[in-house]
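Reading through the structure tokens given below for one structure.
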Amino acid sequence: VRWFGPFAGKVVAIWVYNRFARVGDAQQLWDICMYTTRMFLEPGSGEYCLGPILAPGSLGRLPLSCRLPNQLRVPVLLLYGELDWMDKTAGYALCKAINSTGGTAKFRVVPHAGHHLYVDNRAEFERQVLTFFAR
């Protein structure tokens, strides 16, 4: 997006409106567009770690599932969108592994949501998070 210069906002707007058009009204889409544009135009940081962390196909080079269950002692909520491109079975297996080693983990799927479940089904996402912390 940084390479598009003065056209960066237009490029992001096309993506936002194509990806999230069914989610909200014009003001919500505008807010997502402005937030995303500003975020992408900032100096790079997190995106530089993706190569070392992820192998081809977005698979973890050193998956947390191999190390996390034995070390984690805080409650964990694993949320996936119903239509998420990520493998839900891996999250479910991680949840079971955490619980089997004395930890506490919950696995939930947010209906009618993809990878951006906090946007795709904001109300259910909020309900799941608040329910988890209210226990």
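When ARG61, ARG19, ARG67, ARG73 are checked against the criterion of being within 26 Å of ASP120 (Cα to Cα), among the basic types (Lys, Arg) and out of contact with any Cys (no Cβ under 9 Å at 6 or more places or on another chain), ARG19 stands alone in meeting it. Please tell me if GLU124 is assigned to a helix (DSSP H, G or I) and exposed (fewer than 12 other Cβ atoms within 10 Å of the Cβ). Criteria not met by GLU124.
Of the residues LEU62, LEU130, LEU78, the single one that is without any contact (Cβ under 8 Å) to a residue 40 or more places away in the chain, in a helix (DSSP H, G or I) and not acidic (Asp, Glu) is LEU130.
Please verify whether ALA90 is small (Gly, Ala, Ser), modelled with pLDDT of 90 or more and either assigned to a helix (DSSP H, G or I) or open to solvent by less than 100 Å² (accessible area, probe 1.4 Å) (or both), treating the condition exactly as stated.
Numbers: small (Gly, Ala, Ser): yes; modelled with pLDDT of 90 or more: no; either assigned to a helix (DSSP H, G or I) or open to solvent by less than 100 Å² (accessible area, probe 1.4 Å) (or both): yes.
Spelling it out, it is not the case that ALA90 is small (Gly, Ala, Ser), modelled with pLDDT of 90 or more and either assigned to a helix (DSSP H, G or I) or open to solvent by less than 100 Å² (accessible area, probe 1.4 Å) (or both).
Taking every residue in the stretch 4-19 that is free of Cβ contacts under 8 Å to residues at least 40 places away in the same chain and pairing it with any residue that is among the charged types (D, E, K, R), at least 6 positions away or on another chain, the pairs with Cβ-Cβ distances below 9 Å are PHE4/LYS10; ALA8/ARG2. The set of residues in the stretch 97-121 being closer than 22 Å to SER58 by Cβ, open to solvent by 50 Å² or more (accessible area, probe 1.4 Å) and in a helix (DSSP H, G or I) consists of TYR118 alone.
The values are calculated or read from the model by the stated rules, or taken from the named source; none is laboratory data. Just so it is clear, the model here is predicted, and its values are computed rather than measured. Quick reminder, even Gly has a Cβ in these numbers, built from the backbone with ideal geometry, and neighbours come from all protein chains shown. For the accessible areas, the whole protein counts, side chains as well, though only heavy atoms, and no ligand, DNA or RNA atoms are used. Shrake-Rupley method; radii C 1.70, N 1.55, O 1.52, S 1.80 Å.
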